[in-house]
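Everything on this sheet refers to the single structure shown next.
The values are calculated or read from the model by the stated rules, or taken from the named source; none is laboratory data. In this text the structure is predicted, and so the values were computed from the model without any measurement. Here the Cβ positions follow ideal geometry from the backbone for every residue, glycine too, while neighbour counts run over all protein chains shown.
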Amino acid sequence: MKNFAKIILVLIMTVIGLNSCKKEAYTNVTSDALIHYSGALGADGCGFLLDIQLNGNTYSAINLPTEYTTKDSTRVRVTYTLKNTVLQCGSISGAGFKQIEIKEISKL
């Protein structure tokens, strides 16, 4: 009986361990946004950021195409996935912006 209980305990722990290793599944989100320039990263700025209209949050894109980095205040429609990373920037310790991966983007 003791062996049976040990086997059940090992199986339960294995299932819990396998479930905890799953990556978070983020879905694609589409929203209008405003791209704005917050200053150079090397000068306590945060580069180009996206103000997302849908939720009011500001994000840093890990793959913003260079054609969208030539002008400040560009309005776009963007489809993105939220990442588990944060761009640490600015002069305030701990400041930063959650990052997104752009799937599609177009000017409005």
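If you go through region 51-87, how many residues are farther than 14 Å from residue 28 by Cα, among the polar types (S, T, N, Q), surrounded by 13 or more Cβ atoms within 10 Å (Cβ to Cβ) and within 13 Å of the chain's Cα centre (by Cα)?
4
Looking only at residues that are touching a residue at least 12 places away in the same chain (Cβ under 8 Å) and aliphatic (A, V, I, L, M) in region 39-50, which one is surrounded by the fewest Cβ atoms within 10 Å (Cβ to Cβ)?
Initial filter on region 39-50 (touching a residue at least 12 places away in the same chain (Cβ under 8 Å)): 41, 44-50.
Next cut, aliphatic (A, V, I, L, M) only: 41, 49-50.
Numbers: 41: 14, 49: 21, 50: 25.
Selected residue: 41.
For region 65-79, which positions are polar (S, T, N, Q) and either part of a strand (DSSP E or B) or in contact with a helix residue (DSSP H, G or I) (Cβ under 6 Å, 6 or more places away or on another chain) (or both)? Lay out the reasoning, then the answer.
Let us first name the residues in region 65-79 that are polar (S, T, N, Q), namely 66, 69-70, 73-74, 79.
Of everything in region 65-79, those that are polar (S, T, N, Q) and either part of a strand (DSSP E or B) or in contact with a helix residue (DSSP H, G or I) (Cβ under 6 Å, 6 or more places away or on another chain) (or both) turn out to be 74, 79.
Under 7 Å between Cβ atoms, which residue pairs at least 6 apart in sequence (or on different chains) link something in region 75-86 that is of a type in the set (Phe, Trp, Tyr) with a partner that is assigned to a strand (DSSP E or B)?
If the second residue must be assigned to a strand (DSSP E or B), the pairs left are 80/29; 80/100; 80/101; 80/102; 80/103.
Assess whether residue 34 counts as being closer than 19 Å to residue 98 by Cβ and either touching a His at 6+ places or on another chain (Cβ under 9 Å) or part of a loop (DSSP other than H, G, I, E, B) (or both). Walk me through it before giving the result.
Working: closer than 19 Å to residue 98 by Cβ: yes; either touching a His at 6+ places or on another chain (Cβ under 9 Å) or part of a loop (DSSP other than H, G, I, E, B) (or both): no.
Judged against the criteria, residue 34 is not a match.
Would you pick out the residues in region 89-108 that are surrounded by 14 or more Cβ atoms within 10 Å (Cβ to Cβ) and either farther than 23 Å from residue 42 by Cα or under 17 Å from the mean Cα position of the chain (by Cα) (or both)?
Within region 89-108, the subset surrounded by 14 or more Cβ atoms within 10 Å (Cβ to Cβ) is 89-90, 96-102, 105.
Across region 89-108, the qualifying residues are 89, 96, 97, 98, 99, 100, 101, 102, 105.
Can you tell me which residue within region 80-108, out of those that are of a type in the set (A, V, I, L, M, F, W, C) and in a loop (DSSP other than H, G, I, E, B), is modelled with the highest pLDDT? Can you show your working first?
Pass one, region 80-108, residues of a type in the set (A, V, I, L, M, F, W, C): 82, 86-87, 89, 92, 95, 97, 100, 102, 105, 108.
Still in the list and also in a loop (DSSP other than H, G, I, E, B): 89, 92, 95, 108.
Values: 89: 87, 92: 65, 95: 70, 108: 94.
Once the filter is applied, the top-ranked residue is 108.
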